[in-house]
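What follows is a set of notes on a single structure, which appears directly below.
The values are calculated or read from the model by the stated rules, or taken from the named source; none is laboratory data. Keep in mind it's a predicted model, so treat the numbers as computed, not measured. Glycine also receives a Cβ, built like all others from the backbone with ideal geometry; neighbour counts cover every protein chain displayed. The protein model used for the area step is the full one, side chains on, heavy atoms only, and it has no ligands, DNA or RNA in it. Shrake-Rupley method; radii C 1.70, N 1.55, O 1.52, S 1.80 Å.
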Amino acid sequence: MKRYALFASVAALGGTMAYQGTFVELQPTTPGTVQSGNLNISGTAKAGTVVGYSSASSGIAYGGDFRAVSDQGRGILANASSPTGVTYGGLFQCFSTTGRGIAGISTATSGFAVGGFFTSNSPDGKAVYGVSNAASGLSYGVYGKTSSAAGYGVYSDGNMSASGVISGNGSGLTALNASNISSGTIAAARLPVPMSLSGSVGAAGVISGTNSSTTGRGVYGGSTAASGTTYGVYGESSSTSGRGVLGFVGAATGSTVGGLFTSASSTGKAVWGRATSSTGVNFGVYGDTASTDGIAVHGDATATSGNTYGGRFLSASNSGVGVSGVATASTATSNSGVFGGSNSTAGRGVYGFVGINGPTYGVYGYANATGYAVFAQGRTGASGTKSFRIDHPADPENKYLLHYSSESPTPQNFYAGNIVTDSKGYAWVELPAYFADINANFKYQLTVIGEDFAQAIVSKEIRDNRFQIRTSAPRVKVSWRVEADRNDRWVQRYGAPTEVNKEGVEVGTYQRPELYGKPAEMGIERHPEKRAEIPSPSASKR
């Protein structure tokens, strides 16, 4: 390959040579025999204008080929020292389909060797400026590649501010590394300093990272600052239907993850979603699944001890909801607005707590007249009184009326009514058809009503779901009451014990320790410190 240089003016080799638009061939060796029309350089040639030109239309052609064999050298050093204007350290062009506008090669195998080094002192300049003018095809404004398993396709090391912008038309910045790294620690697009990326690049946003490693990262963002509001990856979208960050996995099987976020800080947030609009139905975090067995949002606390939460949600609004679960299917038979479960031998499927006085509710359920506001598929219990509450009939706006349940060491059913005996003083009391199926050990009470004295007895006990009353006079009104022990299938299988021993973690605790002069830490709620974790409205805005 022949190399040429065009000198507008040359001062070298102890004299002055002037060429106006004349090409001269540079000799391949120094010293050597100067050929006619050529120039042999043994020292330093200086010129006002130097043009490197390759006329080949194909092949690996170079407009200029510069090399440095020093372990501290530069293949080419181009410096634009003008403090203003759009300046270039060097401008090189190549029209070959497989050529290079400029190729910088450093052959040193060790040391701080640089294939090409570019600087610009202008506040508006560019040390390196890459432009791909092709309107189609897989073109690159700047393309970097490394064959090292621990190398960087593109490496940026400098004080780039958060507002620094890289923009482009095809893909603002694309970095590829196809190394199969067994440890999975090398990222495909590895940028060691924070940067902000923007541009009009279609569906791909501005950065495209691809990694063929089985444990690699397509895009890796790391923020190593020990303080400050830093971001490993920062995504932003101004579109009315856009995504700041979109994670997608196309595999139809396997334990795939659309996005994985971690935080090693003791007070950090692996994922923090914030909806800043003060109006509209917006979402801090939104999860969606189309699977018939899917979970839109899943929180998993894997620690086997400590005060861990699978999910925790807060609302600072005076009329807000910490957690809202809604099952929108109107014809389903077993859907649930909120489902809570626990596999622990002493766990809670759902735990509700209110730590302040006032008209508060640990758990509040509401249903219309045909539904159940609260329903227990099994035992129910209460450490306090059990009552029903209605608006007070005499002052419904200002008072409640409470009626309390009767207590017994055994589960009881009772039935009551009034009846009048016949002309012979007899009456049959009919009980429900299911009476004998759910009751045992019957007890009777009779009260005679009227001005005339009379006596009443149970003349025949309950049989075939009825019993007989006899009075000492005819046509006597009698109020009757029958009580019985519950004997349905639940009680038959599980019993109804009166005294039971505390088990497991409940041993040594109190349901209401304050009633015994004990501290709250001795309460049956094993994590009283969680109560102090409920933040004030101002704290929850952080």
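Brief remarks follow.
- Against the test of being closer than 30 Å to Tyr366 by Cβ, of a type in the set (A, V, I, L, M, F, W, C) and free of Cβ contacts under 8 Å to residues at least 12 places away in the same chain, the options Val257, Val285, Val297, Val326 yield a single qualifying residue, Val326.
- Unique residue being open to solvent by less than 100 Å² (accessible area, probe 1.4 Å) and either at pLDDT 75 or above or aromatic (Phe, Trp, Tyr) (or both) when the list is Val233, Val219: Val233
- Some residue of the range 56-65 being open to solvent by 70 Å² or more (accessible area, probe 1.4 Å), among the hydrophobic types (A, V, I, L, M, F, W, C) and either at pLDDT 70 or above or assigned to a loop (DSSP other than H, G, I, E, B) (or both): yes
- Every residue from the range 369-408 that is outside any loop (DSSP other than H, G, I, E, B), open to solvent by less than 100 Å² (accessible area, probe 1.4 Å) and in contact (Cβ under 8 Å) with a residue 12 or more places away in the chain: Ser387, Phe388, Leu401, Leu402, His403
- Test: residue in the range 247-260 that is farther than 27 Å from Asp293 by Cα and surrounded by 10 or more Cβ atoms within 10 Å (Cβ to Cβ): no
- Residues located in the range 270-281, provided they are surrounded by 10 or more Cβ atoms within 10 Å (Cβ to Cβ) and without any contact (Cβ under 8 Å) to a residue 12 or more places away in the chain: Ala270, Trp272, Ala275
- Considering the range 351-360, and only residues there that are more than 13 Å from Gly322 (Cβ to Cβ) and without any contact (Cβ under 8 Å) to a residue 60 or more places away in the chain, the residue that is most open to solvent (accessible area, probe 1.4 Å) turns out to be Asn357.
- Checking every residue in the range 106-122 against the condition of being open to solvent by 60 Å² or more (accessible area, probe 1.4 Å) and without any contact (Cβ under 8 Å) to a residue 40 or more places away in the chain gives at least one match.
- Candidate set: the range 123-133, residues that are closer than 25 Å to Thr84 by Cβ, in a loop (DSSP other than H, G, I, E, B) and of a type outside the set (Gly, Ala, Ser); chosen: the one most open to solvent (accessible area, probe 1.4 Å): Tyr129
- Enumeration of residues in the range 460-489 that are touching a residue at least 40 places away in the same chain (Cβ under 8 Å) and part of a loop (DSSP other than H, G, I, E, B): Ser472, Ala473, Pro474, Arg475, Val476, Asn487, Asp488
- Residue match in the range 503-510 (condition: at pLDDT 95 or above, loosely packed, with under 12 Cβ neighbours inside 10 Å and assigned to a helix (DSSP H, G or I)): no
- In the range 284-305, the qualifying residues are those that are of a type outside the set (Asp, Glu) and surrounded by fewer than 10 Cβ atoms within 10 Å (Cβ to Cβ), and the one that is farthest from Gly341 (Cα to Cα) is Ala290.
- Take the conditions (1) under 30 Å from Thr214 (Cβ atoms); (2) within 17 Å of the chain's Cα centre (by Cα); Asn282 misses just one of them, which is (1).
- Boolean, Ser324 is assigned to a loop (DSSP other than H, G, I, E, B), over 21 Å from the mean Cα position of the chain (by Cα) and surrounded by 10 or more Cβ atoms within 10 Å (Cβ to Cβ): no
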